[in-house]
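No lab work stands behind these numbers, since they all come straight from the coordinates. If you're wondering where the values come from, they're calculated on a predicted model, not measured in any experiment. Because the Cβ atoms are built from the backbone with ideal geometry, glycine has one as well, and the counts that use them run over all protein chains shown.
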Amino acid sequence: MPMIHRAVLAFTLLTTCLLAGSGDAFAHCQMPCGIYDDNARIIEMREDALTIRKAMTEMRKQHAAGTLEGFNQAARWVAVKESHAQNIQDITSEYFLTQRVKATPAGESGHATYLAQLQGFHAVLVAAMKCKQQVDPLACDALESAIDAVAPWYAATDAPAGAAFEAISHDHDHDGHDG
């Protein structure tokens, strides 16, 4: 086997192993696969927000206990809170903003919706960030409200049972060409 083929094969295997073993959970693939379940992402974000609220509550309880074990458990809840806030930010950035929000130039139909979606998802990103920074239930309230504000754009479809594997239409590509 020529040296260049071995190098390409080695690079491909290494890359595949690194990506497969990274353990990172992305909001969705970044391929033009055409498979989208927006409502499932909203549900996941809501579950993450509830988990953040639970983590904050548990952190307060463990801190009040004042024991070394309580400190350990509180630290673990901090990690949970951070992880779920980051997941909301990842879904917002890597799924909604890059794949589902359709850029519409000023003056064209849909531009106002585009701006509202940008503002709505920006509010989700900021609220998730504030949940990382704080242990205040009001931060959770703001996050839940921000998610609720964007949710109507991505309501559940009336797809029949088993239709989860059917591609849902995606009305534009990401190279600036409709298609």
Set Lys61/Lys130; Lys54/Lys132; Lys54/Lys102 screened for pairs whose C-alpha atoms are more than 24 Å apart: Lys54/Lys102
Where nothing but the Cβ of Lys and Arg (+1) and of Asp and Glu (-1) is charged, how large is the charge dipole of region 54-156 around its Cα centre, in debye to the nearest 20? 140
In Å and on Cα atoms, what radius of gyration and Dmax does region 54-156 show? 17.1, 61
